[in-house]
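**Q** Please find one structure pasted underneath; my questions will follow.
None of the figures in this text is laboratory data; all of them are computed from the coordinates on show. Quick caveat, the model's predicted, so the values are computed rather than measured. Virtual Cβ from ideal backbone geometry, glycine too; neighbours counted across all protein chains shown.
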Amino acid sequence: MIHFVGAGPGAPDLITLRGADLLKKTDCIIYAGSLVNPALLEYTKPGCRIHNSAIMTLEEVIDVMKEMEAAGMDTVRLHTGDASLYGAIREQMDLLDELGIAYDDTPGVSSFSGAAAALRAEYTLPGVSQSVVITRMAGRTPVPEKESLASFAVHDSTMVIFLSTGLLEDVSRELIAGGRGADDPAAIVYKATWPDEKVVYCTIGTLAEAARRENVTKTALILIGGFLNEGYERSRLYDPGFTTEFREAVK
Ligand code: SAH
């Protein structure tokens, strides 16, 4: 059996209990060495085989899984954050389906949640935005034309931009083309939840400059939106004047 596991954003105690349990029991682990905290490998039992997928192709990853399966042993495929975002798990799952190898998937804390915690922020503030756009700039992986940053920027919603730290001039230009202001607030969160986590506040127009100044070139998220400002409305849920399913309004 193959277990896809979300490792969380960095801090080793941010893996789920289920994920940690699978790590402790597994015979083999294939981890995304570019971003997964190697401290998580300490959870494994003696003799556990360890592979770093950063230096492997998809075929090599599947070959290891096949070999373990043939020997009747388990493999954990450890992906950074939550594997459903930019995890390249679908192509692995499809090949496993072809081979008739069973797998399951344990979710993880995504780095977008880690970044919110680093900022001590709420992405969905009443009166500000009730939506979060998770996206990226096109790099070697193309982004469908209808999903340009400019087209999402139009909505004034909260935006979490992955995989784009090397393209910040383009990020600013696209956001401004979509109607956001060059002076609107922005934040860069580098290595959220790692010991060397860094939070940089700037504006949409100064993203590239701020990243250069702070030496941030990768492993960062760009956060955009009014949630970074002061103003918002109180929630209805905790408003004394509102009756909810669980609580009568205070008269
Ligand atoms: N599945 C992962 C994302 C993988 S894509 C998740 O759910 O978080 C890799 C990108 O994620 C990086 O280029 C960076 O933009 C972002 N990222 C991953 N870990 C991060 C962290 N601890 N802090 C900030 N950004 C991170």
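**Q** What nm distance separates the two modelled labels at Arg18 and Ala102, each placed 7 Å from Cα along Cα→Cβ?
**A** According to this spin-label approximation, the distance is 1.6 nm.
**Q** Using modelled amide H (1.01 Å from N, peptide plane; none on Pro or chain starts), what sits under 5 Å from the amide H of Glu122, excluding residues fewer than 5 places away?
**A** none
**Q** Whole-Hz ³J(HN,Hα) for each residue in region 203-209, computed from phi via Karplus 6.51 cos²θ - 1.76 cosθ + 1.60 with θ = phi - 60°, x for glycine and proline: what do you get?
**A** The phi angles translate into 10, 4, x, 10, 4, 5, 4 Hz.
**Q** Additional query: Once all Cα-Cα distances of region 11-62 are split into 10 Å bins that start at 0, what whole-number percent is in each one?
**A** 24, 54, 22, 0
**Q** Now for a different question. Only Lys, Arg, Asp and Glu count, each charged at its Cβ (+1, +1, -1, -1), so figure out the dipole size of the chain about its Cα centre, rounded to 20 debye. Please list the in-between numbers first.
**A** Working: 23 positive and 35 negative charges, 120 e Å.
Approximately 580 debye in magnitude.
**Q** Among the lysines, which have Cα under 25 Å from the Cα of Lys45 when same-chain residues fewer than 8 positions away are ignored?
**A** Within the straight-line limit of under 25 Å, Lys45 reaches these lysines: Lys24, Lys25, Lys66.
**Q** Another question, then. Could you pull out every residue, at least 5 positions away or on a different chain, whose amide H is within less than 5 Å of the one on Ile30? Hs are placed 1.01 Å off N in the peptide plane, and Pro or chain starts have none.
**A** Result for Ile30 returns His51, Val76, Arg77, Leu78.
**Q** Let me ask something else. Before rounding to the nearest 500, sum -39500 (n - 2.57) across all DSSP H runs of length at least 4 in the chain and divide by the residue total; then give [θ] at 222 nm in deg cm²/dmol. The partial results should precede the final answer.
**A** On the way: 7 runs with 63 residues, N = 251.
It lands at -7000 deg cm²/dmol.
**Q** Right, next: Just going by the charge dipole of region 50-136, with Lys and Arg at +1 and Asp and Glu at -1 on Cβ, which of Pro126, Gly81, Ile101 is farthest out on the positive end?
**A** Going by the Cα projections, it comes out as Pro126.
**Q** Also, I was wondering about something else. Write down the Kirkwood hydrodynamic radius of the chain, to one decimal in angstroms, obtained as one divided by the mean of 1/r over all alpha carbon pairs. Present the calculation step by step, with values, prior to reporting the outcome.
**A** Numbers: mean 1/r = 0.0500 Å⁻¹.
For the chain, inverting the mean 1/r across all distinct Cα pairs yields 20.0 Å.
**Q** What's the angle, to the nearest 10 degrees (0 to 90), between helix 90-99's Cα axis and the longest principal axis of the chain?
**A** That helix lies at roughly 30 degrees to the long axis.
**Q** Counting other beta carbons within 10 Å of each residue's own, what order do His3, His155 fall into, fewest first?
**A** On the way: His3 22, His155 14.
With the fewest neighbours first, His3, His155 line up as His155, His3.
**Q** Taking Cα atoms, how many degrees apart are the long axis of helix 168-177 and the longest axis of the chain, rounded to 10 and kept between 0 and 90?
**A** It is inclined by approximately 50 degrees.
**Q** Can I ask one more? Please give me the summed charge of the neighbours of Pro126: other residues whose Cβ is under 13 Å from its Cβ, Lys and Arg +1, Asp and Glu -1. Working shown, then result.
**A** Details: positive: Arg234, Arg236; negative: Glu122, Glu233, Asp239.
Its environment carries a net charge of -1.
**Q** Right, next: Provide the three semi-axes, in whole Å and in decreasing order, of the ellipsoid equivalent to region 60-177 as defined by the square roots of 5 times the Cα gyration tensor eigenvalues. The partial results should precede the final answer.
**A** Values: eigenvalues 247, 62, 28 Å².
Each semi-axis is the square root of five times an eigenvalue, giving 35, 18, 12 Å.
**Q** Expressed as a whole percent, how much of the Cα-Cα distance distribution for region 6-118 exceeds 17 Å?
**A** Numbers: 3266 of 6328 pairs.
So the portion of pairs separated by more than 17 Å is 52 percent.
**Q** Among the GluC sites (Glu not before Pro) within region 164-251, which fall in a DSSP loop and have no more than 11 other Cβ atoms within 10 Å of their own Cβ? Mind dumping the intermediate values first?
**A** Numbers: sites: Glu169, Glu174, Glu197, Glu209, Glu214, Glu230, Glu233, Glu245, Glu248; in loops: Glu197, Glu214, Glu230, Glu233, Glu245, Glu248.
Taking region 164-251 and a limit of 11 other Cβ atoms within 10 Å, the loop GluC sites (Glu not before Pro) found are Glu230, Glu233, Glu245, Glu248.
**Q** A further question follows. Most exposed first by the Cβ proxy, i.e. fewest other Cβ within 10 Å, how do Ser110, Ser131, Ser164 rank?
**A** Working: Ser110 25, Ser131 13, Ser164 20.
Result, fewest neighbours first: Ser131, Ser164, Ser110.
**Q** Is the shape of region 112-172 best called rounded, prolate or oblate, per the rule: a/c under 1.5 gives rounded, else a/b larger than b/c gives prolate, else oblate, with a ≥ b ≥ c the square roots of the Cα gyration tensor eigenvalues?
**A** Details: a/c = 2.39, a/b = 1.46, b/c = 1.64.
It is oblate, given that a/c is not under 1.5 and a/b is not larger than b/c.
**Q** Moving on. Name the residues whose placed amide hydrogens come within less than 5 Å of the amide hydrogen of Ile134, ignoring near sequence neighbours (fewer than 5 apart) on the same chain.
**A** For Ile134, whose amide H was placed from the backbone, the distant partners under 5 Å are Val160.
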